[in-house]
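To keep things clear, I will list the structure first and then write my remarks on it.
The values are calculated or read from the model by the stated rules, or taken from the named source; none is laboratory data. Not measured: the values here are computed from a predicted model. Every residue, glycine among them, receives a Cβ derived from its backbone with ideal geometry; neighbour counts consider all protein chains shown.
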């Protein structure tokens, strides 16, 4: 994992006249990242005195922070999410003819984008940067060859440094990526800034940053020092959860879905730790009168039927013998299973509500039956918040696609319309009754309230031209069948 280096921030401030602080990264993003990774040391690690010595131990934990981010990524970007690009040249270049090839397919986009959304929900921001692999560089201008490929880098907030913002949007930024060469770690700094003409220029810098060391290094031969894109179209796209950032030191970065939930996350892990400890400490205890214990030549005591000696505690007289009491006494601690489960469930309800998933998203109470109306009502918070996050997800995808089309026109002779309509189709099955909505749309088609081509666009993900063409083809086949006498078949 790459973390913002204060030396790199100082280098940027010095070379680009910035005033960037590490405060937001160290005090917020790093903390959210620790919770996402499942181990926040100031809380999860503690020391206690067991009466004989100091003991260090970690709290048992559920790692629910990562689960929340995984679930939001699954809702917003999954295998059923797709883009519809009306211009056929652009669609073929970006998506391929099968929607799984093209630039997206070559870069395994949908899977990597899903993981990016997960990271953006814990860190507050995600980005995709574009670059040409195996491209030439002539005085700062890129030249392409047959082997040139358009590639993507996926970045979380730890790798993004805003330089300029406009109306809440990042317009200039630096992006960090890591390289390992023969065991030595290097950081590449990719700086996207505008020149006086308003066009983007990409500058690259290279640093040795292994084991706390920091030094600027000569750029490798495959990285150009500066590239003038000759265009105001950015070679990056930014995604943030659609939440207003209330932290004044953010510098334009987004805010984590986990912000304000750390007390609840602590409560979950405390409840789970107590639940597990009850089982850990709740095993049967057997106390035995010492007269029943034999002793080996080396002084080791051996109890009768000693299958697991950890069950036995040897004590003096008082539990058997002449005083009339039993020779063996057993103790079975109460496990408090129901109380522990209820405590965990209550904390999970608070977490899911706070993170916008609704207060019943995580339910482990088996046997609970609800009606369809009640189930839909319980999801209202999730539905409303998902619709809200779809807005920024759609903006991110459309911005990225338009940048790809622009690069395709400029460097791959694509000849596509850069202003072509783009429609993003999200998988809303988790939010709606898809079968019922599809049936309603079919009824609208039959009643003349919706065109067949509109239905195909919505449910088959076709462009308008493709949908109209398929409708004409299907209607033509139906007419031919009627002419051949198959109309009643």
query = Which of the residues that make up region 19-61 are buried (at least 17 other Cβ atoms within 10 Å of the Cβ) and over 24 Å from the mean Cα position of the chain (by Cα)?
reply = 20, 59
task = Tally the residues that are under 20 Å from residue 142 (Cα atoms) and in contact with a helix residue (DSSP H, G or I) (Cβ under 7 Å, 6 or more places away or on another chain), restricting the search to region 382-415.
result = 5
request  = Would you be able to tell me the number of residues in region 162-192 that are touching a helix residue (DSSP H, G or I) at 6+ places or on another chain (Cβ under 9 Å), farther than 21 Å from residue 228 by Cβ and buried (at least 18 other Cβ atoms within 10 Å of the Cβ)?
outcome  = 2
ask   = Can you find even one residue in region 190-210 that is assigned to a strand (DSSP E or B) and either without any contact (Cβ under 8 Å) to a residue 12 or more places away in the chain or more than 31 Å from the chain's Cα centre (by Cα) (or both)?
value = no
ask   = So which residues in region 218-232 are surrounded by fewer than 19 Cβ atoms within 10 Å (Cβ to Cβ) and either within 12 Å of residue 202 (Cβ to Cβ) or in contact with a helix residue (DSSP H, G or I) (Cβ under 6 Å, 6 or more places away or on another chain) (or both), if there are any at all?
value = 223, 225, 226, 228, 230, 231
key: Positions within region 48-66 being at negative phi and free of Cβ contacts under 8 Å to residues at least 24 places away in the same chain, in sequence order   = 48, 49, 50, 52, 53, 54, 55, 56, 57, 58
key: Test: residue in region 80-91 that is without any contact (Cβ under 8 Å) to a residue 40 or more places away in the chain, out of contact with any helix residue (DSSP H, G or I) (no Cβ under 7 Å at 6 or more places or on another chain) and surrounded by fewer than 15 Cβ atoms within 10 Å (Cβ to Cβ)   = no
remark   = Inside region 94-114, the number of residues satisfying the requirement of being in a helix (DSSP H, G or I) and in contact with a strand residue (DSSP E or B) (Cβ under 9 Å, 6 or more places away or on another chain) is 9
key: Residue satisfying condition, being touching a strand residue (DSSP E or B) at 6+ places or on another chain (Cβ under 7 Å) and either modelled with pLDDT under 85 or surrounded by fewer than 17 Cβ atoms within 10 Å (Cβ to Cβ) (or both), within set 411, 375   = 411
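Is it true that residue 146 is loosely packed, with under 15 Cβ neighbours inside 10 Å and either out of contact with any strand residue (DSSP E or B) (no Cβ under 8 Å at 6 or more places or on another chain) or outside any strand (DSSP E or B) (or both)? It would help to see each step written out before you state the result.
On the way: loosely packed, with under 15 Cβ neighbours inside 10 Å: yes; either out of contact with any strand residue (DSSP E or B) (no Cβ under 8 Å at 6 or more places or on another chain) or outside any strand (DSSP E or B) (or both): yes.
In short, yes.
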